1. Could you say which residue among 272, 232, 257 is surrounded by fewer than 17 Cβ atoms within 10 Å (Cβ to Cβ), under 30 Å from residue 46 (Cβ atoms), aromatic (Phe, Trp, Tyr) and out of contact with any Leu (no Cβ under 6 Å at 6 or more places or on another chain)?
2. Might you let me know whether segment 305-314 holds any residue that is touching a residue at least 24 places away in the same chain (Cβ under 8 Å), farther than 30 Å from residue 47 by Cβ and of a type outside the set (Val, Ile, Thr)?
3. Pick out the one residue from 120, 147 that is of a type in the set (A, V, I, L, M, F, W, C), more than 23 Å from residue 204 (Cα to Cα) and assigned by TED's automatic domain parsing to the domain that holds residue 233.
4. Suppose the filter is closer than 28 Å to residue 156 by Cβ and hydrophobic (A, V, I, L, M, F, W, C); does residue 186 pass it?
5. Which pairs turn up if I take residues in segment 144-162 that are modelled with pLDDT under 95 and look for partners that are assigned to a helix (DSSP H, G or I) with beta carbon separation below 6 Å, at least 6 apart in sequence or on another chain?
6. Going through 34, 9 one at a time, which residue ends up being over 18 Å from residue 261 (Cβ atoms), surrounded by fewer than 16 Cβ atoms within 10 Å (Cβ to Cβ) and in contact (Cβ under 8 Å) with a residue 12 or more places away in the chain?
7. Looking only at segment 45-66, which residues are β-branched (Val, Ile, Thr) and either assigned to a loop (DSSP other than H, G, I, E, B) or surrounded by 19 or more Cβ atoms within 10 Å (Cβ to Cβ) (or both)?
8. Among (1) of a type in the set (Ser, Thr, Tyr); (2) assigned to a helix (DSSP H, G or I); (3) touching an Asp or Glu at 6+ places or on another chain (Cβ under 7 Å), which single condition is residue 205 missing?
Amino acid sequence: MFKPRYTITNTLATNMRKIGEIVGELNSQVFSSTVLMNMERDARELSAHSSTQIEGNPLSLTDVKKIIKSRPEHIKDTEREVLNYNKAMLMLDEQIKANMISKLSNNFICKIQSIVTEGLLSESYIGKYRTQPVFVNNPVKRKTVYLPPDAKDVKPLMTELVEFINEKKGEIDTLIIAGLFHKQAVIIHPFIDGNGRTTRLVTKTLLAKLGLNTFPLFSFENYYNKNVTKYFQNVGVFGNYYDITEAIDFTEWLEYFADGIIDELIRVKSQFPQYQERLEPHHRQILEYINKNGSITTREYAEIANRAKATRIQDFKKLVDLDLIVSVGVGKATYYILKPKMEDKYGRSE
């Protein structure tokens, strides 16, 4: 069984609390479906750019945006890398929203690798754990700095990691679970190629359990791409796996990992003003009433708001137009509820 060594230091504990506070603040924001779609698109583009650039892809963010939008028929490998990563994010986003990912599995991890490497590797290396040795080299010095586990040990080690994640989910903080997976998967280096991209996508999936739907709005890869050298120094290890495995301590990595989450949450928060719809206090009063009581009628709104009948009608209309609420029933029996996709945001559905 995978038994990681780590300590919840004061720094890590403080950052975990800070993450919870920021997540709570972000959850209080209200956006229409159109605005959310734009935010999700921008986050995916940034993630596709950052995660592939970490691995040496030279395309700029502007190039990435154009490629994802146009989806050219004849593409270079650098462009395919971006499109593959975006495709994987779309697939995972759909599965997360449909609550289709209940447990981590080897098949799930291999499926992600098959998407990110489609058309880039021989079929014998796609969607399968490696059966050959690999070496991690320093790209500057061109020297081997790490020897991962032997191929025969890859599947057993990945199975132990998967079992640990599934067994400890709910017992260990989501942030710690995601961080431990990230580093250990990099240490095992289970694929011939696509290890970094696959690991970051699985980590994003685990982070979706943070409470904020971090997957579509969040690009933690962006933090790593700001200083790739620092990322590799923190996530990687040096030497022969069998010589160092017992001494590996995840504490420093987890502190760095939490720093990255905070950095990205703050970036997301800073972007809100450019996306946010203008909602007046009376609009928020309606949303808060529905959140507390499940629904609101025009009579109930008249009792809690000092608004003329004509303006109350317009208040409801604006929220309906923003795709935030829907009306149910007709005539005097009409009442309003949060649009189903907003219920998760306000904490009313499982």
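The values are calculated or read from the model by the stated rules, or taken from the named source; none is laboratory data. From a predicted model like this one, the values you see are computed outputs, not experimental measurements. FYI the Cβ positions are ideal-geometry reconstructions off the backbone, even for glycines, and counts take in every protein chain you see.
1. Testing whether each residue is surrounded by fewer than 17 Cβ atoms within 10 Å (Cβ to Cβ), under 30 Å from residue 46 (Cβ atoms), aromatic (Phe, Trp, Tyr) and out of contact with any Leu (no Cβ under 6 Å at 6 or more places or on another chain) leaves just 272.
2. Checked segment 305-314: at least one residue is touching a residue at least 24 places away in the same chain (Cβ under 8 Å), farther than 30 Å from residue 47 by Cβ and of a type outside the set (Val, Ile, Thr).
3. 147
4. When the stated conditions are applied, residue 186 passes them.
5. none
6. Checking each option against the conditions leaves just 34.
7. Start the filter on segment 45-66 by keeping residues that are β-branched (Val, Ile, Thr), which leaves 52, 54, 62, 64.
Result: 52, 64.
8. Here residue 205 clears every test but (3).
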